[in-house]
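These notes are about the structure you will find just below.
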Amino acid sequence: MKKKIVSAVLCLSMAAALLAGCGSSSSTTADTAEETTEAETEEEVAEEEAEAVEETEEVAEESEEAAEVTTVTEGVLTMGTNAAFPPYEYYDDADEIVGIDAEIAEALAEKLGLTLEIVDMDFSSIITSVQSGKIDVGIAGMTVTEDRLENVNFTDSYATGIQVIIVPEGSEITSVDDLSNEDILIGVQEGTTGHTYCSDDYGEDRVIAYTNGATAVQALLQGKVDCVVIDEQPALSYVEANEGLEILETEYVVEDYAIAVSKDNEALLDALNTALAELIEDGTVQSILDTYITAE
Ligand code: ARG
């Protein structure tokens, strides 16, 4: 590939040199006006050729970039997630991890010429696993936050998340304001933005962190906590799967979901952003979102 480009560049510059040479020899017989026109035309031709060379080089650079992306395991895009977060990631009946993130990751991997491998882990381990090079990317309905940006890079956002409050039907908690009530206990999933916001706003003593959203919801059903603060889409599916729960209409926080990538792998970040932009542009991302999220 490289060789071909080098010889193309040589050919083109030789052609340009030849053209320039012709121009100067013909100038002895040509009159001044003609000479100027000729010279300009030659210059233009040379310029166009130079541009063509530049373009060829750019294309070459782009494809070389894609080929140069290194991953933890060669040829594989290793994605860390916490698969108790429907519809972004969860186990289907065949015990496969499916969902919005799994499908977007699959489409991204394909664009990068990689095979996707999904590793299920605690949500709170994802960022450190990206940092330590255990996984290439964290794709887990993960919110972009200032704190996380100190440890990892994030791609452009591919979806919006909203922190909502799940309560038992008929609860005395009817709005975000009621979370200030000193008597109530708030369930969250460990290491999530919901965990951070609630600890900051209401104090750690009133916040109980569970390893995942599903266990937080189980605790709510058992009366161990009075409400659960979690992202809206999983909240909807937990409420649908369990009787006697509802989601308060007031939104707590609106946030952006993106993919976490190691700060040591800028090439992968760039390649993912390019691929993601293409998947957003051609409607793939939207159609994946629409498959799992039905508008109310
Ligand atoms: N959006 C929240 C956060 O980034 C929660 C994400 C939890 N994701 C999961 N797969 N369990 O903190």
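The values are calculated or read from the model by the stated rules, or taken from the named source; none is laboratory data. In this text the structure is predicted, and so the values were computed from the model without any measurement. So basically every Cβ, Gly included, is an ideal-geometry build from the backbone, and we count neighbours across all protein chains shown. The accessibility values were calculated without ligands, DNA or RNA, using every heavy atom of the protein model including side chains. Shrake-Rupley method; radii C 1.70, N 1.55, O 1.52, S 1.80 Å.
Structural remarks
- Under 5 Å, built H, 5+ apart or other chain: amide partners of residue 253: 163
- Residue-wise HN-Hα couplings along the range 254-266, as the Karplus relation 6.51 cos²θ - 1.76 cosθ + 1.60 with θ = phi - 60° gives them from phi, are 9, 9, 9, 8, 8, 9, 8, 10, 4, 5, 8, 10, 4 Hz; Gly and Pro carry x.
- Whole-Hz couplings from phi, Karplus 6.51/-1.76/1.60, listed for the range 86-102; x for Gly and Pro: x, x, 6, 7, 6, 8, 8, 5, 8, 6, 9, 7, 10, x, 4, 5, 4
- Each peptide in 145-158, 194-207, 224-237, 168-181 was scored by the mean count of other Cβ atoms within 10 Å over its residues; highest first, the order is 224-237, 194-207, 145-158, 168-181.
- Tensor-based shape of the range 134-230 (alpha-carbon gyration tensor, a/c under 1.5 rounded, otherwise prolate or oblate): prolate
- Once the chain from residue 287 to residue 96 is taken as fully extended at 0.36 nm per residue, the excess over their C-alpha distance is 66.7 nm.
- Cα extents of the range 64-169 along the three principal axes, largest first (Å): 56, 37, 22
- Using a probe of 1.4 Å on the protein chains alone, the accessible area found for residue 266 is around 100 Å².
- Residues whose placed amide H lies under 5 Å from that of residue 77, excluding near-sequence neighbours: 115, 116, 117
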